[in-house]
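Structure record follows, encoded as structure tokens.
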Amino acid sequence: MAMRMLPAAIIVLALTTPAAGQTVFVSNEKDNSLSVIDAQTLKVTKTIKVGKRPRGITLNADGSLLYICASDDDTVQVMDTATGKILNNLPSGEDPEQFALHPDGSHLFIANEDSNVVTVVDVPARKVAYQIDVGVEPEGMAVSPDGTWAVNTSETTNMVHWIDTAKRVLVDNTLVDSRPRHAEFDKAGKKLWVSAEIGGTVSIIDTATHKVERTIQFNIKGIARDKIQPVGVKLSDDGRYAFVALGPANHVAVINAQTFEVEKYLLVGRRVWHLEFTPDQKRLFTSNGVSNDVSVIDIDTMTVIKSIPVGRYPWGIAIKG
Amino acid sequence: MSALHYGRALNGIVTREVLRFLHQRERFLAALVRPLVWLLVFAAGFRAALGVSIIPPYETYITYETYIIPGLVGMIQLFNGMQSSLSMVYDREMGSMRTLLVSPLPRWFLLTSKLLAGTAVSILQVYAFLLIALAFGIDLPPVGFLTVLPALVLSGLMLGAVGMLLSSTIRQLENFAGVMNFVIFPTFFLSSALYPLWKMQESSVLLFQICSVNPFTHAVELIRFALYAEVNWESLGWTALALAVFLGAAVYGYNPARGFMPRKAQAE
């Protein structure tokens, strides 16, 4: 019924389209699968069956391997991104949800939601290197760019736990707002951004002092305060923007990372949780768990250009360059 | 009759209509305020009601404000069409209609010129409205401002033809309030202007079917797709067909030998 008339719009899009060959992986929590999206055509090219309840996913440095938290299988799967085949499993502790890879690729830091520990896996040896007791319901994980700090957020204890990766001990805790879900270091590793789902805020913590320096609040016209539940956070490498996924508020907040003012709220699908940039940082993908799709934000125009249907309960996103 | 005569007549009719419009600042203001009230007051209240489903031509979630823009554009043209019909009834009462119709040019040409004049006025109003909407932060693709023009011409002609047909049957100015109640409101509310039809279908299949055959729905959908540089062929077909039917009936209605008026006069 409806057909494109003028190619003008397509030309405009094509001019700003990122380089070819970028592949987006999205974990579908309820379907036990990954949706693979071509970042140029913005179409799902294939769906790969993986372990039970896949949530956090992350790529190794060269993008050849994808690590998948198969939460209900209590394991981390390792997938060859070229073939889509599962190569092997890594031990993970119970119910792995989010994890972070050390910059040197040697260790995976895994939050075990049910058992209140962080499990650190030696990736080449495929063995658990050590475990660290943290607060109740560990969830967010991040490793600083220089690899000295691993941080974990515990949803019930409402704390950020600082793990010294050289000494392999927990050295400090920082209290944040209710139900911290996600942590993200800036590129220089000087600041840590932590979202609080129930608190409805994002805290910015100084890495040197472990003190909260600033708290950002959100306010969207026509949306109740309790629906604004920040989860995923992404910072642009150029230091200009921070993006925060606001869960059932169905919006992504665009924050000026210099002034910490919220500049804009972008409407995306329902219950947006996690975010990921394309490697060239021209686009940001969002996983919308309830509407079962992924929205694509164009950074130059700061608009949502498309929403792509994927499997049920899309959760994690990883993008290969 | 040479082309020159035709051109001169068309020019005269369009110029008169545009001049009349420009001299009536209140009318211009009213034409803008009406859709803006809907956009800024009504839509703000319904903001959370939508944004849960993606329908063509949209590629992602949209706010309610964005959804009703084409509907409000259609509303401008609908009111303008009715306004033209009002002015034709007025012209007839004042006698200037007679001056127009005694011209040696064919009647269908004179009436089409009149339609074009009204459509030109409505398009001026629409662009003014779109610019204001843009200033209030409604996102529209820039190319849409260009691609919507042909759709506006067709929908403007079609809605103008409805007004013209009505004016051929209305005897007195006072009856215009009736037209408002019995034509404009059902036309506007029983369409996709304010709510997507799938939403209507959820509450009543009958209403959904009425909406689906309403020419105004198709005019709005034609404008909606055109704003995103796309063609909704089904709506294009329906709008063109409606234009042909209404214009044909209006030309018939204005024929003194066969029109609707003499028959009504005889019936009295």
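The values are calculated or read from the model by the stated rules, or taken from the named source; none is laboratory data. Note that the coordinates shown come from a computational prediction; the quantities given were computed from them, not determined experimentally. All Cβ positions, glycine included, derive from the backbone under ideal geometry; neighbour counts span all protein chains shown.
Report yes if A:Val244 is out of contact with any helix residue (DSSP H, G or I) (no Cβ under 8 Å at 6 or more places or on another chain) and either of a type in the set (Asp, Glu) or farther than 24 Å from A:Phe99 by Cα (or both), otherwise no.
Answer is no for this residue.
Across the range B:132-166, what is the number of residues that are modelled with pLDDT under 85 and not charged (D, E, K, R)?
Final tally of qualifying residues: 1.
Each row is one residue, and each column tells you yes or no for (1) over 16 Å from A:Gly316 (Cβ atoms); (2) at pLDDT below 95.
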{"position": "A:Val78", "(1), (2)": "no, no"}
{"position": "A:Glu94", "(1), (2)": "yes, yes"}
{"position": "A:Glu97", "(1), (2)": "no, yes"}
{"position": "A:Leu101", "(1), (2)": "no, no"}
{"position": "A:Leu108", "(1), (2)": "no, no"}
{"position": "A:Asn112", "(1), (2)": "yes, yes"}
{"position": "A:Asn116", "(1), (2)": "yes, yes"}
{"position": "A:Val121", "(1), (2)": "yes, no"}
{"position": "A:Ala129", "(1), (2)": "yes, no"}
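Any idea how many residues of the range A:267-282 are touching a strand residue (DSSP E or B) at 6+ places or on another chain (Cβ under 6 Å), under 17 Å from A:Asp38 (Cβ atoms) and either in a strand (DSSP E or B) or basic (Lys, Arg) (or both)?
The number of residues fulfilling the criteria is 2.
Which of the residues belonging to the range B:222-234 are at the interface with chain A (Cβ under 9 Å from one of its Cβ atoms) and either closer than 13 Å to B:Val73 by Cα or within 16 Å of the chain's Cα centre (by Cα) (or both)?
Once the filter is applied, which keeps residues that are at the interface with chain A (Cβ under 9 Å from one of its Cβ atoms) and either closer than 13 Å to B:Val73 by Cα or within 16 Å of the chain's Cα centre (by Cα) (or both), the range B:222-234 yields B:Phe225, B:Ala226.
Take A:Arg225 and tell me if it is touching a residue at least 12 places away in the same chain (Cβ under 8 Å) and within 14 Å of another protein chain (Cβ to nearest Cβ).
yes
Show me the helices (runs of 4 or more DSSP H) entirely contained within the range B:1-113 in which 3 or more residues are touching a residue at least 40 places away in the same chain (Cβ under 8 Å) and within 14 Å of another protein chain (Cβ to nearest Cβ).
B:64-94
Is the range A:298-315 home to any residue that is assigned to a loop (DSSP other than H, G, I, E, B), buried (at least 23 other Cβ atoms within 10 Å of the Cβ), of a type in the set (Val, Ile, Thr) and in contact (Cβ under 8 Å) with a residue 24 or more places away in the chain?
yes
Regarding A:Phe243, is this residue part of a loop (DSSP other than H, G, I, E, B) and more than 14 Å from chain B (Cβ to nearest Cβ)?
no
Considering the range B:107-119 alone, what residues qualify as being more than 15 Å from B:Val251 (Cβ to Cβ) and more than 11 Å from the chain's Cα centre (by Cα)?
B:Ala117
Would you mind finding the one in B:Leu236, B:Leu197, B:Leu243, B:Leu173 that is in contact with a helix residue (DSSP H, G or I) (Cβ under 8 Å, 6 or more places away or on another chain), under 30 Å from B:Phe145 (Cβ atoms) and modelled with pLDDT under 90?
Result of the check over B:Leu236, B:Leu197, B:Leu243, B:Leu173: B:Leu197.
Is the range A:164-180 home to any residue that is touching a residue at least 24 places away in the same chain (Cβ under 8 Å), more than 18 Å from A:Leu90 (Cα to Cα) and of a type in the set (Gly, Ala, Ser)?
Checking the range A:164-180: not a single residue is touching a residue at least 24 places away in the same chain (Cβ under 8 Å), more than 18 Å from A:Leu90 (Cα to Cα) and of a type in the set (Gly, Ala, Ser).
Check A:Leu90 against each of (1) buried (at least 17 other Cβ atoms within 10 Å of the Cβ); (2) not in a strand (DSSP E or B) and name the one condition it does not meet.
(2)
So for the range B:207-218 (the condition being under 30 Å from B:Glu93 (Cβ atoms) and either surrounded by 15 or more Cβ atoms within 10 Å (Cβ to Cβ) or more than 14 Å from chain A (Cβ to nearest Cβ) (or both)), does at least one residue qualify?
Yes, that holds for at least one residue.
Consider B:Phe129 carefully, then state whether it is under 16 Å from B:Phe145 (Cβ atoms) and either surrounded by fewer than 24 Cβ atoms within 10 Å (Cβ to Cβ) or at pLDDT 90 or above (or both).
In short, yes.
May I ask you to say which residue of B:Glu65, B:Glu93 is among the acidic types (Asp, Glu) and modelled with pLDDT of 85 or more?
Result: B:Glu65 is the single residue among B:Glu65, B:Glu93 that is among the acidic types (Asp, Glu) and modelled with pLDDT of 85 or more.
If you take the residues in the range A:251-282 that are touching a residue at least 40 places away in the same chain (Cβ under 8 Å) and within 13 Å of chain B (Cβ to nearest Cβ), which one is surrounded by the fewest Cβ atoms within 10 Å (Cβ to Cβ)?
A:Tyr265
With the checklist (1) without any contact (Cβ under 8 Å) to a residue 40 or more places away in the chain; (2) farther than 20 Å from B:Arg92 by Cα; (3) surrounded by fewer than 20 Cβ atoms within 10 Å (Cβ to Cβ); (4) not acidic (Asp, Glu) in hand, flag the one item B:Pro196 doesn't pass.
(1)
From the list B:Thr119, B:Thr147, which residue is free of Cβ contacts under 8 Å to residues at least 60 places away in the same chain, closer than 26 Å to B:Gly237 by Cβ and not hydrophobic (A, V, I, L, M, F, W, C)?
Going through B:Thr119, B:Thr147 in turn, the sole match is B:Thr119.
Please indicate, with yes or no, whether at least one residue in the range B:158-165 is within 25 Å of B:Ala244 (Cβ to Cβ) and surrounded by fewer than 19 Cβ atoms within 10 Å (Cβ to Cβ).
No; the residues of the range B:158-165 include none that is within 25 Å of B:Ala244 (Cβ to Cβ) and surrounded by fewer than 19 Cβ atoms within 10 Å (Cβ to Cβ).
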